[in-house]
Amino acid sequence: VPEHVWRINLDPPEEAQQNLSFGAADRWWEQTDLTKLILASNKLQSLSEDVQLLPALTVLDVHDNQLTSLPSALGQLQNLQKLDVSHNKLRSLPEELLQLPRLRSLLVQHNELGQLPEGLGHLLSLEELDVSNNQLTAIPTSFALLVNLVRLNLACNQLKELPADLSAMKSLRQLDCTKNYLETVPPKLATMASLEQLYLRKNKLRSLPELPSCKLLKELHAGENQIESLNAEDLKQLSSLCVLELRDNRIKAVPEEITVLQRLERLDLANNDISRQGLPYTLGNLPQLKFLALEGNPLRTIRRDLLQKGTQELLKYLRSKIQDDGPGPREEPPVTAMTLPSHSKVNIHAITTLKLLEYSDKQAAEIPGAVFDAVGANPVVTVNFSKNQLRDIPPRLVELKDSVCDVSLGFNKISSISSELCLLQKLTHLDLRNNLLTALPEEMEALKRLHTINLAFNRFKVFPSVLYHLPALETILLSNNQVGSIDPVQLKGMEKLGTLDLQNNDLLQVPPELGNCENLRSLLLEGNPFRTPRAAVLAKGTAALLEYLRSRIPT
């Protein structure tokens, strides 16, 4: 590294020597110290101890060099927030690294580390730690102190076990343990309440971990292990799961209870030992399932060409078999099965075991009374009346108000919301996509627990103002409408809002103040007629978009 880089804060720049009369305001080198230094993708074999001459550094990036060690002077950089030393040849990390109180991101993947400093847990501000692709055989117990860590990547090491103390990481959302030698996962990990993504692929697991408290877990990747069976009770706990990846295991049967996973979008069971008897046809009823992989299993009754036609055809086939699949081996269904005029049975089993009331894809103009009668005293949590010809909210929905949390009325012809819906005060998920709605009633303010609402493909011309008053809302899907404006001040007040999808609307401008909504993790604005921000800015993702918008706020 050229000497003058280290001395950039100390020495006046060359242009100052050229006898130009800089006024005090123009003497920038006296006013600001260097904060970011990027030396990536060079051929550096060492870093000078002179790095301590840059005490204001917040970012130091030396990835993709040939460093075999790091200078102890790094410990002097008290303002450092991000350190990227990945893709080098480091065999150890200096103890001085543990003296960086503000360090939030430490990237050391693709090195030759055999162990980590025991005191690594003292980096209390750490939010992101990537130690993947090293030669680690153990994790320091002090990791338990990293209570602010959000992402931890331990992939491609030689770990035979995970310390149970990891469970103390209360903020951890993403844990990647791909390609290690894990045979079990400590039961205490089940208490990691913030965990959203767990990667356990390419290990030696014989069963899925029990994760009863991981209520936010959205993705579980456990392919290429030695899992032989799925425990129905464990599956029931994973109510938020969207992705379940179990390919290349030895699973022989899928329990009926998998249909409890009502939010499942991707299910990969390819290359297992599942026979026809081991596959419940009710998989076809999972309402959100967009991807189902079953190839490479001994499913003799499902033709290979059907498996290759894609998920929708496969689900259609499974649904068509539900009627044939009586309760026992080819018995006639008992006479008590409730038969409706429209020759469609109410699935009593779904009501009692899955707490699911389903009457979808029937093109019905109204829901027959017998459907609601079948509920009896059973508590129903999920209602699916999608893909019908309903013009109104079914009035008898209100009978389920003490238990129902998730209502799907998508793909109907509903043009207004009646007050019955506003009485379902336990509602957390509401799907009204593909209807004819133009407005939402103010009475919906009563839905204090609602955290996801899908209003895509309707006819809204203005952003429904009642949404601003629903404090629990985390996800608003409003794409493919005609919304012309949004109120960034009211949106900023929605502290839980993480996803806002406004793609394909009529927004002529994006208010810069939207950049202040720093809780947004996903802001989707493509397909609107505004000129700025340009597509290149949108393509950089939400964090960059919000930063761009903030920079445009008039001061």
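Results, tabulated for the structure shown:
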| item | result |
| --- | --- |
| Sole residue being touching a Gly at 6+ places or on another chain (Cβ under 9 Å), outside any loop (DSSP other than H, G, I, E, B) and in the same structural domain as Lys387 (by the TED database), chosen from Leu491, Leu546, Leu467, Leu514 | Leu546 |
| In the stretch 517-527, residue farthest from the chain's Cα centre (by Cα) [restricted to those that are surrounded by fewer than 22 Cβ atoms within 10 Å (Cβ to Cβ) and not in a loop (DSSP other than H, G, I, E, B)] | Leu524 |
| Filter pass, Pro394 being in the same structural domain as Thr428 (by the TED database) and within 11 Å of Leu356 (Cα to Cα) | no |
| Scope the stretch 248-264; condition open to solvent by 20 Å² or more (accessible area, probe 1.4 Å) and either touching a Cys at 6+ places or on another chain (Cβ under 6 Å) or aliphatic (A, V, I, L, M) (or both); matching residues | Ala253, Val260, Arg263 |
| Subset of the stretch 86-100 (residues that are outside any loop (DSSP other than H, G, I, E, B) and open to solvent by less than 80 Å² (accessible area, probe 1.4 Å)) | Glu96, Leu97, Leu98 |
| Filtered residue count, the stretch 434-455, keeping only those that are open to solvent by 60 Å² or more (accessible area, probe 1.4 Å), in a loop (DSSP other than H, G, I, E, B) and not polar (S, T, N, Q) | 2 |
| Verdict on Ile414 being at pLDDT 95 or above, hydrophobic (A, V, I, L, M, F, W, C) and in the same structural domain as Met444 (by the TED database) | yes |
| Test set (1) within 23 Å of Leu216 (Cα to Cα); (2) touching a Gly at 6+ places or on another chain (Cβ under 7 Å); (3) open to solvent by less than 20 Å² (accessible area, probe 1.4 Å) - Leu267 fails condition number | (2) |
| The lone exception for Glu219 - which of (1) open to solvent by less than 10 Å² (accessible area, probe 1.4 Å); (2) in contact with a Cys (Cβ under 8 Å, 6 or more places away or on another chain) it fails | (1) |
| Residue in the stretch 71-90 that is in contact with a Pro (Cβ under 6 Å, 6 or more places away or on another chain), modelled with pLDDT of 95 or more and among the hydrophobic types (A, V, I, L, M, F, W, C) present | no |
| Test: residue in the stretch 139-146 that is surrounded by fewer than 17 Cβ atoms within 10 Å (Cβ to Cβ) and under 20 Å from the mean Cα position of the chain (by Cα) | no |
| Candidates Leu159, Leu195, filtered to the one that is hydrophobic (A, V, I, L, M, F, W, C) and closer than 22 Å to Leu235 by Cβ | Leu195 |
| Matching residues, the stretch 201-234, being under 16 Å from the mean Cα position of the chain (by Cα) and part of a loop (DSSP other than H, G, I, E, B) | Cys214, Lys215, Leu216, Leu217, Lys218 |
| Residue match in the stretch 508-526 (condition: over 30 Å from Leu427 (Cα atoms) and either aliphatic (A, V, I, L, M) or modelled with pLDDT under 90 (or both)) | yes |
| Test result for Asn134, polar (S, T, N, Q), part of a loop (DSSP other than H, G, I, E, B) and either open to solvent by less than 20 Å² (accessible area, probe 1.4 Å) or not assigned by the TED database to the domain that holds Asn42 (or both) | yes |
| Single residue of Leu116, Leu83, Leu120, Leu103 found to be in a helix (DSSP H, G or I) and surrounded by 15 or more Cβ atoms within 10 Å (Cβ to Cβ) | Leu120 |
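So that you can scan it fast, the table gives a plain yes or no per residue for (1) within 26 Å of Asn347 (Cβ to Cβ); (2) surrounded by fewer than 18 Cβ atoms within 10 Å (Cβ to Cβ):
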site: Glu245; (1), (2): no, no
site: Ser275; (1), (2): yes, yes
site: Pro280; (1), (2): yes, no
site: Leu289; (1), (2): yes, no
site: Ala293; (1), (2): yes, no
site: Pro298; (1), (2): no, yes
site: Thr301; (1), (2): yes, yes
site: Thr311; (1), (2): yes, yes
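The values are calculated or read from the model by the stated rules, or taken from the named source; none is laboratory data. Being a predicted model, the structure only gives us computed values, none of them experimental. Backbone-built Cβ (ideal geometry, glycine too); neighbour counts: all protein chains shown. Surface accessibility is based on the protein's heavy atoms, side chains included, excluding ligands, DNA and RNA. Shrake-Rupley method; radii C 1.70, N 1.55, O 1.52, S 1.80 Å.
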